[in-house]
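Colleague: Take a look at the following structure, please.
The values are calculated or read from the model by the stated rules, or taken from the named source; none is laboratory data. Quick caveat: nothing in here was measured; it's all calculated off a predicted structure. With ideal geometry, Cβ positions are generated from the backbone for all residues, glycine too; neighbour counts draw on all protein chains shown. These accessible areas exclude ligands, DNA and RNA; they are computed on the full protein's heavy atoms, side chains included. Shrake-Rupley method; radii C 1.70, N 1.55, O 1.52, S 1.80 Å.
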Amino acid sequence: MLSEEEKDELKAELVQLEDEITTLRQVLSAKERHLVEIKQKLGMNLMNELKQNFSRGWHDVQTTTAYKKTHETLSHAGQKATAAFSNVGTAISKKFGDMRSHSIGYSIRHSISMPAMRNSPTFKSFEERVETTVTSLKTKVGGTNHSGGSFEEVLNSTAHASSQNASGGPRQTTDEELQC
């Protein structure tokens, strides 16, 4: 318990502290107004400051090693994916070209019924290659084989397999394939 004299001293100190705080708030407010005036004279506004802070932050992010490694990896993966899709597109175009050349002047829809086309050696060969590729991708990306197979490895193996098929030279057509 405090005596009356101690209470009076504390009340006086409290009033003095409140007065000092009020004075400091007034000084701070005046300084903030002066700061805004100077920034306006210099042509600086909130939007410019935000842009500068964002630019500085983005530059700092781009200079980190993590960003650089991620950028390089994604760029490399994008190039590999582009090559793989290009190889798949080329293989599909070649298969359709083979099918078109076998029709000997007739369109496929007029010369071959759908069941007959599905049973043709050319279509079966194409279907087997697609199934093999899909199975390989599933196994390497997320199938039962958990021993490895990063996205980059899958793309490399797909591109490698496609390049081997493409570089094997022109494929000889058999009599069975010509019978479509």
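Colleague: Considering only residues that are small (Gly, Ala, Ser) and touching a residue at least 24 places away in the same chain (Cβ under 8 Å), look in the stretch 51-90 and name the one that is surrounded by the fewest Cβ atoms within 10 Å (Cβ to Cβ). Don't jump to the end; show me each part of the working.
Modeller: The initial filter retains those residues of the stretch 51-90 that are small (Gly, Ala, Ser), namely 55, 57, 66, 75, 77-78, 81, 83-84, 86, 89.
Now restrict to residues that are touching a residue at least 24 places away in the same chain (Cβ under 8 Å): 77, 81, 83-84.
Values: Ala77: 14, Ala81: 16, Ala83: 16, Ala84: 21.
Only one residue fits best here, namely Ala77.
Colleague: Considering the stretch 1-50 alone, what residues qualify as being surrounded by 10 or more Cβ atoms within 10 Å (Cβ to Cβ), part of a loop (DSSP other than H, G, I, E, B) and among the polar types (S, T, N, Q)?
Modeller: Asn45 - this is the single residue of the stretch 1-50 that is surrounded by 10 or more Cβ atoms within 10 Å (Cβ to Cβ), part of a loop (DSSP other than H, G, I, E, B) and among the polar types (S, T, N, Q).
Colleague: His110 fails exactly one of the following numbered conditions: (1) modelled with pLDDT under 75; (2) out of contact with any Phe, Trp or Tyr (no Cβ under 7 Å at 6 or more places or on another chain); (3) open to solvent by less than 100 Å² (accessible area, probe 1.4 Å). What is the number of that condition?
Modeller: (3)
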